[in-house]
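A short write-up of the structure that comes next.
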Amino acid sequence: MISVEEHLESILRQVGRVGTVRLPVPRAHGLVTAADVVSRADLPRFDNSSMDGYAVRRADLAGVTSEQVRLLPVAGDIAAGEGEPRTLEPGTVWRIMTGAPVPAGADAVVRVEDTDGHPREAQFRVEPEEGANIRRAGEDLRVGDVVVPAGTRLGPAQIAAAISAGVQEVEVVGPVRVVILSTGDELVPFGGGEVGPGQIIDSNGPMLEALVREAGCYPVHVGHLPDDEALTRKEVRRHLDHADAIITTGGVSKGAYDIVKKVLTGEGSMEFTEVAMQPGKPQGFGVLGRRKVPVFTLPGNPVSSLVSFEVFVRPALEERAGRRAGGSTATGLATVGWRTASGRRTFTRVRLERDPAGGYAVSPAGGAGSHLLGGLSMADALAVSPEDAEDVLPGAEVELLLLRPKSEIDARLAATGGSDA
Ligand SMILES: Nc1nc2c(c(=O)[nH]1)N[C@H]1C(S)=C(S)[C@@H](COP(=O)(O)OP(=O)(O)OC[C@H]3O[C@@H](n4cnc5c(N)ncnc54)[C@H](O)[C@@H]3O)O[C@H]1N2
Ligand code: MOO
């Protein structure tokens, strides 16, 4: 058996980034910039008002207070979107709206609240500061400034900034397209009709599809293969032409019908190995074809598949997508004891509650069997125990790999007062 680290290192050594593509900014959401994105415009593009009010010359309002008001004639209105250049003549004001261009000669904007708001002859109650309520051209960004540095995941804020800065397209690390193939004669696809004697519903396919999506990648094909050598070979080859990663489940242990292992042994850099972990012991990985597509052959047991994804596939997909997010981790205190697999790193499904000190109280969610999906559904995290341990004692500190966003777990605990009401 090899260690978890050895297997992961071998995967990460062989997995490279996918190529870059140019995409219209909104379509690049979630992808990582391959180069600095630079501004094509000064932002703001022109001096404009930050308030609804009046564009004024301060000299015309010298000494004005709420006791010493002044009346000034209004030359007209300047609305947001006004394209006509306007000039402010001494002794007059323009009524101006938020976002509208400030007329030449104005050196402040007085908020409508500090006037009587009259459209033709307005009464002023304050003397504004120099530049009051004027947003200056270029104060945010200048042409050529970096709006989004290389290596940044494009989120909503970066999309807004790049678009405002006049950027049309961005160079990003391409979307990672993942093919998922469940294998096994016993499987009935979701929605595929009656589940006959000896059959089960393919839950790994939809589970991995969701995991891939949550990892910011794109499931482009979720299929099911019977235990048929020729079909399996053909289907894997077909997807090597377009996929950026292939994930299979099932058919990698020691059974007489464990086809995946049989078909892929000797292909590319494919290696089948046993990893010192529980669950997830039988693993296979290699890069295949001229495009060197990473192929992960995960064990069929549903919990083993999920744990294998978290431990090996997620980091590899992140590498491929140019990201460095890493799994979400935490620590907690065991409320009860449980046994772990000696000589193997154990990933125990656990439910979290609040302990009296405000941390996480950790207890197993169901049993340890790799087929127990009911317990998996209740689990918030995997408790990770080292290879040399045989059990976790009550009160021991445990490392957690979170299966849900931490904010979601914390919100549930806050709503239930920390107990599973
Ligand atoms: N003699 C041995 N038998 C097994 C060993 C071993 O070392 N010696 N290892 C066990 C371990 S550990 C695991 S994990 C499994 C891995 O088996 P495979 O990857 O070959 O998977 P299958 O045999 O095809 O299926 C295992 C199990 O999972 C169910 N399954 C498969 N695919 C799906 C799916 N898409 N959705 C839901 N459930 C699925 C399948 O029906 C089996 O019950 O091998 C042990 N055996
Ligand atoms: O290693 Mo298997 O994944 O224990 O169930």
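The values are calculated or read from the model by the stated rules, or taken from the named source; none is laboratory data. These numbers were taken from a predicted model, which means no experiment stands behind them. With ideal geometry, Cβ positions are generated from the backbone for all residues, glycine too; neighbour counts draw on all protein chains shown.
Every residue in region 349-370 that is of a type in the set (S, T, N, Q) and assigned to a loop (DSSP other than H, G, I, E, B), please.
If the condition is that a residue be of a type in the set (S, T, N, Q) and assigned to a loop (DSSP other than H, G, I, E, B), then S370 is the only one that fits.
In region 270-301, how many are within 8 Å of ligand 1 (Cβ to nearest atom) and surrounded by fewer than 20 Cβ atoms within 10 Å (Cβ to Cβ)?
1
Taking region 257-288, which residues are among the charged types (D, E, K, R) and within 16 Å of ligand 2 (Cβ to nearest atom)?
Scanning region 257-288 gives D258, K261, E274, K281.
Search region 182-197 for residues that are in a loop (DSSP other than H, G, I, E, B) and pair each with any residue that is of a type in the set (G, A, S) and within 16 Å of ligand 2 (Cβ to nearest atom) when their beta-carbon atoms are under 8 Å apart and the residues are at least 6 apart or on different chains.
Sorted first by the residue in region 182-197, then by its partner, the pairs are G184/G250; G184/G251; G184/G300; F190/S203.
Count, please, the residues in region 1-39 that happen to be in a loop (DSSP other than H, G, I, E, B), out of contact with any strand residue (DSSP E or B) (no Cβ under 7 Å at 6 or more places or on another chain) and surrounded by 15 or more Cβ atoms within 10 Å (Cβ to Cβ).
Final tally of qualifying residues: 1.
Within region 229-255, restricting attention to residues that are part of a helix (DSSP H, G or I) and of a type in the set (D, E, K, R), which residue is farthest from the chain's Cα centre (by Cα)?
That would be E229.
Check off (1) in the same structural domain as G205 (by TED's automatic domain parsing); (2) more than 16 Å from ligand 1 (Cβ to nearest atom) for R351 and give me the number that stays unchecked.
(1)
Can you go through G216, G205 and tell me which one is at positive phi and either among the polar types (S, T, N, Q) or away from ligand 2 (no atom under 16 Å from the Cβ) (or both)?
Exactly one of G216, G205 is at positive phi and either among the polar types (S, T, N, Q) or away from ligand 2 (no atom under 16 Å from the Cβ) (or both), namely G216.
Among the residues of region 374-414, write down those that are over 17 Å from D355 (Cβ atoms), surrounded by fewer than 17 Cβ atoms within 10 Å (Cβ to Cβ) and more than 20 Å from the chain's Cα centre (by Cα).
Once the filter is applied, which keeps residues that are over 17 Å from D355 (Cβ atoms), surrounded by fewer than 17 Cβ atoms within 10 Å (Cβ to Cβ) and more than 20 Å from the chain's Cα centre (by Cα), region 374-414 yields G374, S377, M378, P386, D388, E390, D391.
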